[in-house]
Amino acid sequence: MRNKWAGYTVVFSLCMSLLVPAGHIRAKDVSVRVTLPDFSVNLNGHTVENQYREYPLLVYHDITYFPMTWYDTRLLGLETTWSPDDGLIIKQSRVASSYVPNKSERRNAASYAAEVPASAVKINGKTIDNSNEEYPLLSFRDVRYFPLTWRFAHDEFGWDYQWNDTGGLSITSHNLQLQKVGLPAYAKENDVALFKGYYYFVETTDTTNHVYRAPVKQPSDKEEIYSYNIKSVAYGLQKDLSFQIRDNMLWFTYHLGGGIMGGNYFVKIGGDGKAELLHQGYLDFRDTPYGTLIVNLGADNDSGNLYLSQPGQEGTNRKRVGDLDLKFAQHVAHSGVPATATSVVGDDVYVLCSPQLNDPNSIYKINLKTDKTEKIVSSSVNWFRIIGNKLYYVKDENNTLYSSALDGTGEIKLSDHAVSWFDSIDGNVFYTTKKEANRFELYQVDPNGKETLVWKTPVAGVQVLNDRLVCRFGENDDYGVVLLDGSGHLLLSVADPISRVLTTDDGILLQTSRDSSVELIR
């Protein structure tokens, strides 16, 4: 994938040429001599290597200039836009980027000619007469360069600005930063998680998957916590593994074998890092005060598939749960994000069930102490959540969102659109509706059914993670991920293209689609 800034600089150059109407004489750009720094430059902890950088930092009149490429500006918390009326607009914004060195195969010379554009510039809303500036913006290789003067870097943007003869120039901005985690290169080939101060990752060697954990402060200090054979005669090497947090504990799941004869394996990781295989088969499970509730999703469930079992006795000492007429409890996962419909509230468990295989699924409440079974919502439902003290569910008849009390009374229709996903944060409920292929609009809905479009650009997916709405976008969008708070307000736009949002209990852990590197936002 070409660097994202390339298209922006071409458009910018075209706009510059069209800025002055026909018949008017535009002031000519002035050519000046610039050099490459002969000292170290550090931007947010990243040492800039200028010798082979396609857009190196420059020095003009003893002031360092940095290139306003897509990633360089957002690394320092700046956004640039072009307006025919206002020219170039630079402003501080809630943006972030990883450091992208933009290396070239050709070594840079010691000095070059650059130009002083005679066009309008606005910085944080203030108009700058570039032709009269002591340290004007420059143009080099069709990219604008910005002077790192005290006036702009410190006074205007509030960056920490340090210079000394030994360490050179150091600039630190105060926008949120993407930090590349120091895991081995092979870690990006499978799933990665961050949980309670440790990274968890996988190495595949020959026919074995090795699961490791390593402390965040010392990622090279790894220890193996689990391993298993991934070779199947019929299906080859089955490498895929996925982490998830369930009830504030870290688990990982993998599949071995085929669709019928194979099964899923569920491994729980204890606080001491020890991993234990607790469940296997096609099933879902939930912890309850009376043991583990098992929802058996395998083919052999004609006699019912809801059971209670004690730890370590999942396959033997099982107790049937609910009315005998309820045979087909359902597990639900939406949009690739693990989300079970089965919910436990005190002594009660809420499940999607149907009396017969082809009957519609309705919401039932089963008291685990008395085994009393009640149908709470009679309509055909494909997904529900318990949020606060209410049921939220999507009906099959129109795929719209409803809410009710936990006993099913007081039903209210909440959405006017078909719902693809929904969840809550800080007591506020959000949902997505399909806009086009693999693109969704994000709405917030209040308890009375009033809807608000939260984000104008359609998203590729949304999930709630660590009190944040994480909105992921496509490869051709301006930003890879946008983080919103519980009211739908912008917290951060991430410039990097993102392929996956990874499991974490601290910050936001992402995998880029540019080079599959794993990055952390805290």
*Order the following by accessible area, largest value first: LEU406, LEU324, LEU297, LEU36. Probe radius 1.4 Å; ligands, DNA and RNA are ignored.*
LEU324, LEU297, LEU406, LEU36
*Can you give the charge dipole size of the chain about its Cα centre, rounded to the nearest 20 debye, using +1 on the beta carbon of Lys and Arg and -1 on the beta carbon of Asp and Glu?*
380
*Answer with one residue from GLY167, LEU324, ILE498: the one whose Cα lies farthest towards the positive end of the charge dipole of the chain, charges on Cβ with Lys, Arg +1 and Asp, Glu -1.*
ILE498
*Set of segment 221-241 residues, backbone N closer than 20 Å to the point 7 Å along the Cα-Cβ line of THR208*: 221-233, 236-241
*Order LYS395, LYS369, LYS390, most accessible first, counting only protein heavy atoms with a 1.4 angstrom probe.*
LYS369, LYS390, LYS395
*Between the alpha-carbon centers of segment 204-283 and segment 482-522, tell me the distance in whole angstrom.*
24
_Difference of contour (0.36 nm per residue) and Cα-Cα distance, TYR290 to ARG320_ = 9.6 nm
*Give or take rounding to whole Å, what are the principal axis extents of the alpha carbon atoms in the chain, in descending order?*
86, 53, 39
_Run through segment 131-176 and list the trypsin sites (Lys or Arg not before Pro) located in a DSSP loop whose Cβ has at most 12 other Cβ atoms within 10 Å._
ARG141
*Which value, in debye to the nearest 20, gives the size of the charge dipole of segment 356-400 about its Cα centre, when Lys and Arg are +1 and Asp and Glu are -1 at the Cβ?*
280
*Excluding same-chain residues fewer than 8 positions from LYS369, which aspartates and glutamates have a Cα within less than 13 Å of its Cα?*
ASP347, ASP348
*asked:* Out of the total accessible area of segment 194-243 (probe 1.4 Å, heavy atoms of protein only), what percent is carbon and sulfur?
replied: 45
*For segment 472-522, what % of the accessible area comes from carbon and sulfur atoms, probe 1.4 Å?*
43
_Using Cα-Cα distances under 8 Å and only pairs 6 or more residues apart, what relative contact order does segment 95-169 have, in percent?_
17
_Taking 23 Å as the cut-off for C-alpha to C-alpha distance, list the pairs among LYS365/LYS395; LYS268/LYS390; LYS395/LYS456 that go past it._
LYS268/LYS390; LYS395/LYS456
*Tabulate in residue order the Karplus-calculated ³J(HN,Hα) for segment 52-59, using 6.51 cos²θ - 1.76 cosθ + 1.60 with θ = phi - 60°, rounded to whole Hz; enter x for Gly and Pro.*
10, 7, 4, 10, x, 5, 10, 10
_Using only the heavy atoms of the protein chains and a 1.4 Å probe, how would VAL351, VAL464 rank by accessible area, largest first?_
VAL464, VAL351
*Which FRET efficiency value, to the nearest 0.05, do you get for GLN51 and ALA418 by plugging their Cβ-Cβ distance into 1/(1 + (r/R0)^6) with R0 = 45 Å?*
0.25
*Per-residue SASA entry for HIS46, accessible area with 1.4 Å probe, Å² rounded to 10*: 50
*Accessible-area composition of segment 134-193, carbon plus sulfur, in percent [1.4 Å probe]*: 46
*Longest to shortest principal axis, alpha-carbon extents of segment 426-477, angstrom*: 35, 25, 14
*For an R0 of 51 angstrom, estimate the FRET efficiency from the Cβ-Cβ distance between THR127 and SER220 and round to the nearest 0.05.*
0.50
*Please give the length that would be gained between TRP150 and SER227 if that part of the chain were fully extended, namely 0.36 nm times their separation in residues minus their C-alpha to C-alpha distance (nm, one decimal).*
22.2 nm
*Give me the number: length gained by fully extending VAL32 to ASN389, i.e. 0.36 nm times residue separation minus the C-alpha to C-alpha distance, one decimal in nm.*
121.7 nm
_With a 1.4 Å probe and all protein chains left in place, how much accessible area per residue does the chain have, in Å²?_
47
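The values are calculated or read from the model by the stated rules, or taken from the named source; none is laboratory data. Here the structure is a predicted model, which is why all the values come from computation and not from measurement. Don't worry about glycine lacking a Cβ; one is built from the backbone with ideal geometry, like all the others, and counts go over all protein chains shown. Accessible surface areas use protein heavy atoms only, side chains included; no ligands, DNA or RNA. Shrake-Rupley method; radii C 1.70, N 1.55, O 1.52, S 1.80 Å.
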